[in-house]
Amino acid sequence: MKIIHCADIHLGSAFADLDALKSEERRRELRATFERIISFAEANGVRAIILAGDVFDSARPFMRDKKFFYAAIKAHPSIDFLYLRGNHDVAGGYECSLPNLKTFSSKWQGYRYDDADIFGAELPYDGDMYDELRLNRDRFNIVVLHGDINSEISLSKLKNRYIDYLALGHIHFHFCAELDARGRYAYCGCPEGRGFDETGVKGFILIDTAARKIQFVPFARRTICEYDADISGCTGAYEAYERIRQNCGRDADGIVRFNLCGRISFTDARLAEEVRQYLADDYYHVTVKDKTRPVIRTDELKENTSLTGQFYRSVMADGQLSERDKLRVIEAGLNALSGGEAEL
């Protein structure tokens with residue numbers, strides 16, 4: 001039996017850093033990605049899709065998102081959708097009853113398929129969640145929860161309970177590890193990144209119970225990336241742009257942030273915006289932040305009577321530091337004095 005583990009779709013979500021038009025386009029793409037996941041399921045003989053929380057971005061989702069979600073389920077009766085609400089949507093009710101929509105509550109609810117049993121419970125659980133979990137050791141057991149394993153969910157209390165796969169939602173990046181000698185646990189992550197705190201490859205997990213195989217499937221319409229672009233030695237915005245192009249190429253579908261870094265010998269308050277304008281046609285959306293620092297001119301610091309000059313001379317006079325360490329301390333100190341983060 002094949003099962004998809006998906007979570008944190010966040011239908012109706014705002015998309016950080018995008019203008020109104022692109023933000024709305026990304027909401028449409030998010031709905032389209034869910035449709036593509038269903039099409040993948042049909043094409044690959046998937047019997048059930050686990051939705052491990054936060055299908056909607058809030059307990060009061062937009063009407064268009066509710067209508068879309070339940071219409072998509074109704075249109076695919078050969079696939080069961082096991083929808084467990086997460087912290088974003090748990091306060092809202094399940095909107096309609098459909099034969100292929102399987103829901104959960106604050107008590108364990110189980111569903112049986114061929115060789116697999118799927119149990120889930122919504123947090124906060126009503127009672128002792130761990131003691132009340134009862135699984136058949138001879139079945140392929142999947143347990144669905146939405147929460148943080150560092151606070152809300154105790155992995156140690158789920159060990160040795162005949163769990164073959166613990167399907168988790170809440171964390172927006174993919175992660176899979178061993179639960180115990182028998183089973184594994186995994187966050188599938190969100191199917192589409194929504195901001196620069198959700199960078200990297202996004203998708204879902206495909207489970208094959210017969211083969212006992214768990215596979216992450218990259219599936220996002222667009223990838224969000226953040227890069228540090230060292231433009232040391234560049235003399236202007238266009239030269240910085242050319243270096244970025246040479247090192248990173250272009251991605252017409254990508255959502256990208258470049259952090260300009262390194263030391264430069266010129267001052268330009270519009271540097272970040274000018275580089276962004278040069279890059280605008282190379283990406284679906286690009287932002288640029290200027291984190292560069294000025295070149296250290298030691299000849300000027302030797303004679304400088306300011307605090308920075310005094311700092312430079314005191315470090316250079318230190319007989320216990322190597323020349324290399326002196327330069328590193330000077331760089332870190334000047335960076336701190338200029339309001340940046342000290343680096344060694």
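The values are calculated or read from the model by the stated rules, or taken from the named source; none is laboratory data. Values in this document were obtained by computation on a predicted structure and should not be read as measured data. Quick reminder, even Gly has a Cβ in these numbers, built from the backbone with ideal geometry, and neighbours come from all protein chains shown. Side chains included, ligands, DNA and RNA excluded: accessible areas come from the protein's heavy atoms. Shrake-Rupley method; radii C 1.70, N 1.55, O 1.52, S 1.80 Å.
Values for this structure:
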| item | result |
| --- | --- |
| Computed lengthening from Arg137 to Glu303, 0.36 nm per intervening residue step minus Cα-Cα distance | 51.9 nm |
| Separation between Cα centres of region 134-172 and region 181-249, rounded to whole Å | 26 |
| Linear extension gain, Ala16 paired with Leu321, 0.36 nm per residue minus alpha-carbon span | 105.2 nm |
| Listed pairs Lys107/Lys157; Lys302/Lys326; Lys2/Lys67; Lys66/Lys107 exceeding 20 Å between Cα atoms | Lys2/Lys67; Lys66/Lys107 |
| Calculated Cα extents along the principal axes in Å (choose from [x] 70, 47, 35; [y] 80, 47, 36; [z] 54, 52, 36), label | [y] |
| Accessible area in square angstrom per residue, the chain, 1.4 angstrom probe | 49 |
| Cross-link reach list, aspartates and glutamates versus Lys213, counting only Cα pairs under 15 Å and skipping chain neighbours closer than eight places | Asp115, Asp164, Glu178 |
| Cα gyration tensor shape of region 4-138, rounded if a/c is under 1.5, else prolate or oblate by comparing a/b with b/c | oblate |
| Efficiency of FRET between Ala210 and Glu35 - r from beta-carbon atoms, R0 22 angstrom, step 0.05 | 0.20 |
| Relative contact order computed over the chain (Cα-Cα under 8 Å; 6+ residues apart), in percent | 13 |
| GNM top mover of Phe119, Phe175, Phe204 - the chain, alpha-carbon springs below 10 Å | Phe175 |
| Relative contact order computed over region 186-339 (Cα-Cα under 8 Å; 6+ residues apart), in percent | 16 |
| Compactness relative to 2.2 N^0.38 Å, alpha carbon Rg of region 74-123 | 1.19 |
| Whole-percent carbon and sulfur share, accessible surface of the chain, 1.4 Å | 47 |
| At most 16 other Cβ within 10 Å, DSSP loop - GluC sites (Glu not before Pro), region 259-334 | none |
| Efficiency of FRET between Lys289 and Ser156 - r from beta-carbon atoms, R0 45 angstrom, step 0.05 | 0.65 |
| Rounded to 5, the percent of DSSP beta bridges in the chain classed as antiparallel | 30 |
| Over 20 Å [Cα-Cα, region 144-243], rounded percent | 53 |
| Potential lengthening between Ala75 and Glu274 on full extension [0.36 nm per residue; Cα-Cα distance subtracted] | 66.8 nm |
